[in-house]
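Have a look at the structure below, then the notes.
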Amino acid sequence: MTQKNDDNWTGEVDELLRVGKGFVLADVDPESTPGYDGGKQGAEKDLDTGARELDELQERLFAQSRGGSATASVLLVLQAMDSAGKGGIIRHVVGSVDPQGITLTAFKKPTDEELAHDFLWRVEQRLPEPGFIGVFDRSQYEDVLIGRVRSLAPPDEIERRYGAINEFEKRLTDAGTRIIKVMLYISYEEQGSRLMERLDRPDKHWKYNPGDVDERLRWPQYMEAYQTVFERTSTDQAPWYVVPANRKWYARLAVQQLLLGALREIDPQWPVATFDVEAEKLRLAAT
């Protein structure tokens with residue numbers, strides 16, 4: 001096993017960032033770095049160290065599923081307001097492992113076919129197989145966030161969806177999928193700064209969407225919708241984690257720690273050879 005990157009952490013990330021009873025989103029400081037004392041310089045080093053461990057654990061998870069009857073998988077759900085850093089998490093954290101063991105889905109506006117089914121139908125199609133780390137860039141939660149803020153469904157349907165999501169996630173965890181639900185939490189001011197940077201830099205224009213400003217105008221409604229999501233869907237089997245994300249380096253390191261924690265708990269093992277290793281060495285040497 002590679003060296004762990006826990007030295008600069010003063011607490012368990014999954015405890016510090018977990019949404020529990022009485023959680024209030026407005027009480028979280030987006031500038032904070034809960035449990036981490038290493039600063040930006042230390043975070044860069046720790047992210048690199050963690051990447052090596054994450055890569056090995058992911059390969060073991062993949063190998064174990066191919067070499068036996070293991071059913072474990074991991075699903076990372078990323079939710080956030082625009083410009084909060086989901087792409088950076090995918091690039092700098094998830095991107096550090098073998099892409100063959102990753103399934104990435106960026107959920108966009110539902111197609112006509114998807115709208116013809118229940119809201120969870122399209123999510124079911126993209127769940128990670130055993131041995132894989134699945135990543136959802138946005139997810140089923142769009143249907144109780146945008147759906148609520150923009151009144152895309154009646155209130156009773158939004159209400160039904162909270163329960164449907166909880167039942168869906170329990171079924172997944174019972175089947176062996178570890179679910180890590182992350183909200184990257186940036187401040188209103190930080191989002192404004194990041195969106196302006198996209199306008200100031202020609203190489204960032206492709207990332208800018210005029211619709212982002214329309215959603216920004218609904219910031220209070222979205223914060224209220226997120227608070228309800230946390231109250232209704234942060235469960236024992238699939239808790240939410242709110243990651244302060246004004247400091248990109250902290251957000252990336254924290255999500256990496258959450259992934260490492262899940263994989264360490266799974267503790268995937270290299271599958272035992274199904275052939276006589278020594279005999280194969282002799283056969284190979286004779287060629």
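I need a count of the residues in the stretch 244-259 that are over 12 Å from the mean Cα position of the chain (by Cα) and among the basic types (Lys, Arg).
Residues meeting the conditions: 2.
Run down Gly67, Gly50, Gly22 and say which single residue is modelled with pLDDT of 95 or more, among the small types (Gly, Ala, Ser) and farther than 21 Å from Ile186 by Cα. Walk me through how you get there before you give the answer.
On the way: Gly67 fails: modelled with pLDDT of 95 or more; Gly22 fails: farther than 21 Å from Ile186 by Cα.
Testing whether each residue is modelled with pLDDT of 95 or more, among the small types (Gly, Ala, Ser) and farther than 21 Å from Ile186 by Cα leaves just Gly50.
Take the stretch 149-179 and flag every residue that is aliphatic (A, V, I, L, M) and within 17 Å of the chain's Cα centre (by Cα).
Selection gives Ile165, Leu172, Ile179.
Need pairs with beta-carbon distance below 6 Å; first residue within 28 Å of Trp219 (Cα to Cα) and within the stretch 26-41, second loosely packed, with under 13 Cβ neighbours inside 10 Å; sequence gap 6+ or separate chains.
Gly35/Thr10; Gly35/Gly11
Among the residues of the stretch 204-226, is any touching a strand residue (DSSP E or B) at 6+ places or on another chain (Cβ under 8 Å) and surrounded by fewer than 16 Cβ atoms within 10 Å (Cβ to Cβ)?
No, every residue in the stretch 204-226 fails to be touching a strand residue (DSSP E or B) at 6+ places or on another chain (Cβ under 8 Å) and surrounded by fewer than 16 Cβ atoms within 10 Å (Cβ to Cβ).
The values are calculated or read from the model by the stated rules, or taken from the named source; none is laboratory data. Please read these numbers as outputs of a predicted model, since none were measured by experiment. Every residue, glycine among them, receives a Cβ derived from its backbone with ideal geometry; neighbour counts consider all protein chains shown.
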